[in-house]
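Colleague: This is the structure I want to talk about, given as structure tokens.
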Amino acid sequence: MPVSEDDLRRVARGGGRAGSSDYDLNPELRDALPPRRKLRPAAVLCPLVRRPQGLHVILTRRADHLRHHPGQVAFPGGKVEPNDPSPAAAALREAQEEIGLDPAMVELLGAIDGHETVTGFLVTPWLGLVDPAFSPRPDPSEVAEVFEVPLDWLMDPANHARGWREWNGQRRWYYEMPWRGRRIWGATARMLVGLSARLAALDGAGGGAA
């Protein structure tokens, strides 16, 4: 069944949990981590916009010249700065800086499951409904492209493939979702897989979309 806004509100009301990590498909890599590793807080916005065909997720492709994760598909977001009043405020600030999204055009629904990255961040994703009148203005120093993907397609487990690459001499597995020549993978794909699981749990409890 199509994912509804009510489904998303119910998931967001459930709050964020410990969630996922880059080690879910690579548990042996966690053994090499230092004990009591301190994670740095980060926040991303999962922007959802209503279209005639249903809800779509707004994603970015990072600029190719960036030092970290060049060319990768991502949610707008970044690390939580000391002057950010909250992780939600950090996600909204980053979205405004990266794609020109005015916070006044976003209805925040709440946080979903967090994600621990191999680079030492604990990322909190925030669901937000975006005014359909929003027109992206990407910052070319950070973002090469802004595009949309249907939420129902992203939430379908049939589209959750697994890929791998060599990393420090080991095979590292990750989720990936190829979409019209674009490759959604890594932490972004894993957070979307987590959202899919939360929505499926709603459906299993009899609370899916009508």
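Colleague: If I require 20 Å or longer along the helix axis, counting alpha carbons, and a Kyte-Doolittle average no lower than -1.0, what helices from the chain are left? Use full DSSP H segments. Write out the running numbers ahead of the final one.
Modeller: On the way: long enough: 186-204 (27 Å, 0.79).
Correct list, ordered by number: 186-204.
Colleague: Using the Cβ atoms and a cut-off under 12 Å, what net charge is assigned to the surroundings of S196, where Lys and Arg are +1 and Asp and Glu are -1? Don't skip to the answer; put the middle values down first.
Modeller: On the way: positive: R190, R198; negative: D7, D113, D152, D156, D203.
Charge balance in the 12 Å sphere: -3.
Colleague: Whose amide H sits under 5 Å from the amide H of E116, counting only residues 5 or more places off or on another chain, with H placed in the peptide plane?
Modeller: Residues meeting the criterion, in which the H sits 1.01 Å from N, are S20, S21, D22, V123.
Colleague: Can I ask one more? Ignoring everything except DSSP H segments at least 4 long, calculate the 222 nm mean residue ellipticity for the chain; use -39,500 (n - 2.57) per segment, divide by total residues, nearest 500.
Modeller: Taking each H run of at least 4 residues, the total per residue is -7000 deg cm²/dmol.
Colleague: If you don't mind, another one. Using only protein heavy atoms and a 1.4 Å probe, report how much of H65 is accessible, in Å² to the nearest 10.
Modeller: 120
Colleague: Between A158, A189, A88, find the one with the highest GNM mean-square fluctuation for the chain; connect C-alpha pairs within less than 10 Å.
Modeller: Judging by the Gaussian network model, the answer is A158.
Colleague: Next question. Using a 1.4 Å probe over the heavy atoms of the protein chains, calculate the carbon and sulfur portion of the accessible area of the chain as a whole percent.
Modeller: Numbers: 5470 of 10610 Å².
The nonpolar share, carbon plus sulfur, comes to 52 percent.
Colleague: In whole Hz, what ³J(HN,Hα) sequence does region 35-51 give by Karplus (6.51, -1.76, 1.60; θ = phi - 60°), x for Gly and Pro?
Modeller: Each residue of region 35-51 in turn: x, 6, 4, 8, 8, 8, x, 9, 8, 10, 9, 9, x, 10, 10, 6, 10 Hz.
Colleague: At 1.4 Å probe size, what's the solvent-accessible area of E28? Round to the nearest 10 Å².
Modeller: Surface open to solvent at E28 totals about 80 Å².
Colleague: Is the C-alpha gyration tensor of region 58-127 telling us rounded, prolate or oblate? Criteria: a/c under 1.5 is rounded; beyond that, a/b larger than b/c is prolate, otherwise oblate. Intermediate results must be reported in sequence, preceding the final value.
Modeller: Details: a/c = 1.61, a/b = 1.22, b/c = 1.33.
Note, shape of region 58-127 comes out oblate.
Colleague: Here's a follow-up. Could I get the Rg over Rh figure for the chain? Both from C-alpha atoms, Rh via Kirkwood, rounded to two places.
Modeller: Details: Rg = 16.5 Å, Rh = 17.5 Å.
Across the chain, the Cα-based Rg/Rh ratio is 0.94.
Colleague: Further, regarding this structure: How much area per residue is accessible in region 1-96 when the probe is 1.4 Å and only protein heavy atoms are counted (Å²)?
Modeller: Working: 5320 Å² over 96 residues.
Normalised by residue count, the accessible surface of region 1-96 is 55 Å².
Colleague: Ok, one more. Calculate one ³J(HN,Hα) per residue across region 116-126 by plugging θ = phi - 60° into the Karplus curve 6.51 cos²θ - 1.76 cosθ + 1.60, and present them in order as whole Hz with x for glycine and proline.
Modeller: Values per residue, Gly and Pro as x: 8, 9, 5, 7, x, 10, 10, 9, 9, x, 10 Hz.
The values are calculated or read from the model by the stated rules, or taken from the named source; none is laboratory data. Note that the structure is a prediction, hence the values are computed from the model and not measured. Positions of Cβ are generated from backbone atoms using ideal geometry, with glycine treated the same way; all protein chains shown enter the neighbour counts. These area figures cover heavy atoms from the full protein model, side chains too; ligands, DNA and RNA do not enter into them. Shrake-Rupley method; radii C 1.70, N 1.55, O 1.52, S 1.80 Å.
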